[in-house]
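Worksheet: one structure, shown below.
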Amino acid sequence: MIFYKFTVQKNSWYAEIAITQERVDFVTSDSEEIINLYNDYKDDLWVAFNGNNYDRFILKSIIAGTTPYGVHEHIMRGLSGWSYSETLNYIPLNSYDAMLSRQYSLKQLTAFQGREVEDSIEDLMYVFAYQVDSFLTKLDLLLEFKLPLKHMDKTETQLLAYILRAKKLNRYDDWEITILDHELGKYSHINDWYLNDDESLEVEVAGVPHRYGLGGFAWS
């Protein structure tokens, strides 16, 4: 895995990089070095904090030969990195975002662990390790359903929707419930619960604790 973290200013930028399999970490502001790194490890998983919304677009802008500050300013204005340039959308990257909730920043999560806050690549790696169960659960789903690593950039909800081939429906009645025509085997009682109860349901699915409610479900 490649852990990476970008800092971008108007006239300069730098990247903090850690390559776990090589046990190497370094800081660089050399575009050519970043491009070579990407080419060498493009099939690996790239981990950042808020990477899906920020760092991966900075990385892709360097690979595409554009100015990182332009992408940075675009995102800082509240716009999606995807909308900055169509070119960026065609640069493949296996991305995993260690920011599981927008509620807490990297600095806050580091402080919660009782560590001195440095806002560094080391902080990112510690936060990732602290939340590794979420990462492993998502990875298990990819292995179970034989999905490529690129799907690690999805949220849990997006990944499950993709696996289940879910489609967004426009509904006008919150209590209009549709049960999909799937054979659930030993899990068929979950269907029955949705039709007959209004309390939460806690049950293990494929060995993973789940909690079901009228608004959906979550991994316990």
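Tabulated data for the structure shown
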quantity: Positive-end extreme of charge dipole, the chain - chosen from 51, 106, 12 (charges on Cβ); calculated: 12
quantity: Under 5 Å, built H, 5+ apart or other chain: amide partners of residue 205; calculated: 210
quantity: Using alpha-carbon coordinates, inclination of helix 132-144 to the longest axis of the chain, degrees; calculated: 70
quantity: Residues with amide H under 5 Å from that of residue 98, placed H, sequence gap 5 or more; calculated: 48, 49, 50, 51
quantity: Accessible solvent surface per residue of segment 1-51, calculated while the other protein chains remain in place, 1.4 angstrom probe, Å²; calculated: 53
quantity: The chain: proportion of alpha-carbon pairs further apart than 20 angstrom, %; calculated: 66
quantity: Efficiency of FRET between residue 28 and residue 118 - r from beta-carbon atoms, R0 22 angstrom, step 0.05; calculated: 0.75
quantity: DSSP-assigned coil residues among trypsin sites (Lys or Arg not before Pro) in segment 23-81, each with at most 13 further Cβ atoms within 10 Å; calculated: 23, 77
quantity: Alpha-carbon radius of gyration plus Dmax, which is the widest Cα pair, for segment 24-110 in Å; calculated: 13.2, 35
quantity: Charge-dipole axis of the chain as Lys and Arg at +1 and Asp and Glu at -1 on Cβ define it, positive-most pick from 69, 127, 164; calculated: 69
quantity: Rounded tilt (10° steps) of 121-130 against the dominant C-alpha axis of the chain; calculated: 20
quantity: Gyration tensor verdict on segment 44-155 (Cα atoms; rounded if a/c is under 1.5, prolate if a/b is larger than b/c, oblate otherwise); calculated: oblate
quantity: Modelled FRET efficiency - R0 25 Å, residue 43 with residue 105, Cβ distances, 0.05 increments; calculated: 0.25
quantity: Only Lys, Arg (+1) and Asp, Glu (-1) charged, at Cβ; the chain dipole about Cα centre in debye; calculated: 560
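The values are calculated or read from the model by the stated rules, or taken from the named source; none is laboratory data. No experiment lies behind these values; they were computed from the predicted model shown. Ideal geometry is used to build each Cβ from the backbone, glycine not excepted, and the neighbour counts take in all protein chains shown. Accessible surface areas use protein heavy atoms only, side chains included; no ligands, DNA or RNA. Shrake-Rupley method; radii C 1.70, N 1.55, O 1.52, S 1.80 Å.
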